[in-house]
Amino acid sequence: MTPTPTTPTTPTPPRASRITVALSLAFAALLVVVGVGRLTGARQNTERAQQRLQHVRQDAERVLTLRATSQTVAAGEQPSQDVFQRVNRLLSETGLSHVRVQSVTPAGDRALDGREERGGRGGVGGGGGGGGHREQTVRVVLAPITTSELGNLLDRWQRTQTLWNIGSIDLLAARGRSNAIGSYTATLSASAVYVPLSNAPASREDPQP
């Protein structure tokens with residue numbers, strides 16, 4: 001029996017394989033493009049955040065330069081007893097009732113030297129040293145508050161609270177879903193000068209709020 005001759009077949013090009021490779025390369029290129037886009041977006045977000053922070057610092061510095069140059073001196077006990085009520089009243093008067101006073105904590109109490117009493121505090125003391133003046137400092141934490149709201153609050157504070165001088169402001173971006181973008185936790189350092197009863201002149205009256 002004679003075997004039937006067979007015709008050799010030419011291998012078919014692996015078209016499916018070429019398509020798969022092409023799709024893989026296209027997908028990889030897409031991932032690279034997406035990754036570069038995300039990196040660029042993240043860099044731009046970081047730059048914008050740094051610019052906002054710089055503007056916040058500049059605004060805070062401008063506010064501090066507008067502080068009152070004179071400070072009332074209290075006679076009697078330490079004047080920190082009503083700071084919480086004062087700040088809440090200021091927030092209400094400024095239309096910022098949504099801003100919470102998170103805490104009011106003492107931050108120090110020290111005796112002023114003669115040089116500070118004679119004029120280093122912008123009108124505190126009036127004569128030579130040894131007047132027994134003391135300075136008390138408190139930290140007030142407010143949140144959430146925007147820079148414009150803080151500016152309005154400090155403007156009213158400057159005009160109405162001559163007893164308490166704000167010496168520094170620290171801002172930290174507020175966290176939490178309930179806080180709007182651009183809101184901060186503000187820590188205000190405020191100081192008041194007072195003369196203890198044993199050193200206070202008999203004719204001196206306590207300042208009115």
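Yes/no per residue for (1) crowded, with 21+ Cβ neighbours inside 10 Å; (2) β-branched (Val, Ile, Thr); (3) more than 20 Å from residue 84 (Cα to Cα):
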position	(1), (2), (3)
139	no, no, no
145	yes, yes, no
172	no, no, yes
179	no, no, yes
196	no, no, yes
| task | Please verify whether segment 153-170 includes one or more residues that are modelled with pLDDT under 85, small (Gly, Ala, Ser) and not in a helix (DSSP H, G or I). | result | no
| request: Could you check, for segment 74-97, whether at least one of its residues is touching a strand residue (DSSP E or B) at 6+ places or on another chain (Cβ under 9 Å), assigned to a strand (DSSP E or B), at pLDDT below 90 and surrounded by 18 or more Cβ atoms within 10 Å (Cβ to Cβ)? | output: yes
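The values are calculated or read from the model by the stated rules, or taken from the named source; none is laboratory data. Quick caveat: nothing in here was measured; it's all calculated off a predicted structure. For neighbour counting, all protein chains shown are included, and Cβ atoms are generated from backbone atoms with ideal geometry for every residue, glycine included.
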